[in-house]
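The values are calculated or read from the model by the stated rules, or taken from the named source; none is laboratory data. Owing to the predicted nature of the structure, the values given are computational and were not obtained by experimental measurement. Cβ sites come from the backbone with ideal geometry, for glycine too, and all protein chains shown count toward neighbours.
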Amino acid sequence: MAEPSATEPKRPGREPDRAERADDAVIATRGLTKRYRGGQLAVDGLDLTVPAGSVFGFLGPNGSGKTTTIRMLMGLIEPTSGSARVLDRPMPRASRTVLPRVGALIEGPALYGFLSGRDNLLRYDAADPTADPRTRRERVAAALDRVGLAAAGGKKAKAYSLGMKQRLGLAAALLQPRRLLVLDEPTNGLDPQGMREIRTLVRELASDGTTVFLSSHLLDEIEQVCTHAAVMAQGRLITQGAVADLAAGARGRLVVTTPDAGEAARVLKEQGAADVVVDGERVTSEPPERDLAEVNAALVAARVRVRGFVLERASLEDAFVALTGEGFDVAG
Ligand SMILES: Nc1ncnc2c1ncn2[C@@H]1O[C@H](COP(=O)(O)OP(=O)(O)OP(=O)(O)O)[C@@H](O)[C@H]1O
């Protein structure tokens, strides 16, 4: 990955090759900090690295600094200190060259309700000075098709559901081929069906090689769609990396299923298991340090009828709790 450097020579001809290399970062920040005028420290010394080709989840409770970070990345506000590079160019300085290659959906799409979905996109495309008017209709049709709105393209946008509006916003971001998509809370306010649709779409886009950076306050959403994640709390980065590695850093739970739950709980405690919780026929605990085969043998020796004995994989939530000592409080 290239180090941020104000003196790096401009190499416009070489740049696409460099950034397309899988080991290159598409977004890299160093000490990125934003203090608002009122004194609120919204983002505090952020070092973020988003690998090319990843679906990168930017996770944090409300108010943790996600939107402020995204606004700095997109050159909408100036950082107080630190630096941000997007597609290997400094932001906000290189906004004019970077932003045409980035599709963004920030704070909900701006739509004209009285226009059809198709006409909204035609208007949006017409506002892009780099967009060729001769191929406008085809581009709009392809984008509508991409987000599953081909049939509803003639309907007025005000008649769209929230999920359809989000998809139309995504279609607008997809009118041009993009190297990077930045989506701020793309499923916020959607019902479960709408959420599923957006997640499926994000997966499809990522499978075409587009790097997707999406913010969310939903842990399970990040686990379902993201390959990588960064976790924010109170303006600071708590951790970042591949989702599988983040979760692997935390220990999972031992789950014993048995009709003899009380006896199983007693044996597990005796075997050194901490935080033993009985819920019907399900007994869970932190796994004891010893060999789990011995724990299982001890249960059987105590005549506990074991139906299931599994070590459940740690979730991102377990990792968050392990790192912060707190639950993941979305109301924060
Ligand atoms: N324009 C502003 N002026 C002053 N403070 C602000 C401004 N925008 C955000 N903040 C504050 O900065 C902190 C981070 O807010 P930010 O919106 O970046 O968080 P977030 O993680 O995106 O949360 P949400 O999901 O609620 O938008 C919050 O304490 C917020 O109140």
Q | Hits in region 46-89 (condition: of a type in the set (Val, Ile, Thr) and within 16 Å of the ligand (Cβ to nearest atom)) | A | Thr67, Thr68, Thr69, Ile70, Ile77, Thr80
Q) Can we say Leu237 is outside the structural domain of Glu281 (by TED's automatic domain parsing), more than 11 Å from the chain's Cα centre (by Cα) and away from the ligand (no atom under 16 Å from the Cβ)? A) no
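Can you pull out every residue in region 198-228 that is within 21 Å of Gln176 (Cα to Cα), away from the ligand (no atom under 16 Å from the Cβ) and touching a residue at least 24 places away in the same chain (Cβ under 8 Å)? Break it down into steps so the answer makes sense when it comes.
Here is the first cut: in region 198-228, the ones within 21 Å of Gln176 (Cα to Cα) are 198-214.
Remaining after also requiring away from the ligand (no atom under 16 Å from the Cβ): 198-212.
Ile198, Arg199, Leu201, Val202, Arg203, Leu205, Ala206, Gly209, Thr210, Thr211, Val212, listed by residue number.
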Q. Modelled with pLDDT under 90, part of a loop (DSSP other than H, G, I, E, B) and in the same structural domain as Arg89 (by TED's automatic domain parsing), is that true of Gly63?
A. yes
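Take the residues of region 28-45 that are exposed (fewer than 15 other Cβ atoms within 10 Å of the Cβ) and among the small types (Gly, Ala, Ser): which is nearest to the ligand (Cβ to nearest atom)? Spell out the reasoning first.
So the first thing to find is which residues in region 28-45 are exposed (fewer than 15 other Cβ atoms within 10 Å of the Cβ), and the list is 31, 36-40.
Subset that is among the small types (Gly, Ala, Ser): 31, 38-39.
Numbers: Gly31: 17, Gly38: 5, Gly39: 9 Å.
It comes out as Gly38.
If I filter region 77-110 down to residues being part of a strand (DSSP E or B) and of a type in the set (S, T, N, Q), which single residue comes out as surrounded by the most Cβ atoms within 10 Å (Cβ to Cβ)? Before the answer, list the steps.
Keep residues of region 77-110 that are part of a strand (DSSP E or B), which gives 81-86, 89-91, 102-105.
Filter again for of a type in the set (S, T, N, Q), leaving 81, 83.
Numbers: Ser81: 11, Ser83: 17.
Across region 77-110, the extreme among qualifying residues is Ser83.
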Q.
Among the residues of region 121-132, are any within 18 Å of Leu201 (Cβ to Cβ), modelled with pLDDT of 90 or more, surrounded by 13 or more Cβ atoms within 10 Å (Cβ to Cβ) and within 25 Å of the chain's Cα centre (by Cα)?
A. no
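Condition check ((1) among the β-branched types (Val, Ile, Thr); (2) closer than 27 Å to Gly235 by Cα; (3) in a helix (DSSP H, G or I)) across all residues:
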{"residue": "Val140", "(1), (2), (3)": "yes, no, yes"}
{"residue": "Lys165", "(1), (2), (3)": "no, no, yes"}
{"residue": "Pro186", "(1), (2), (3)": "no, yes, no"}
{"residue": "Gly189", "(1), (2), (3)": "no, yes, no"}
{"residue": "Arg199", "(1), (2), (3)": "no, yes, yes"}
Q: Pairs only if they're at least six apart or on different chains, beta carbon under 8 angstrom, first in region 146-157 and assigned by TED's automatic domain parsing to the domain that holds Leu122, second among the acidic types (Asp, Glu); list them, first residue then second.
A: Gly148/Glu197
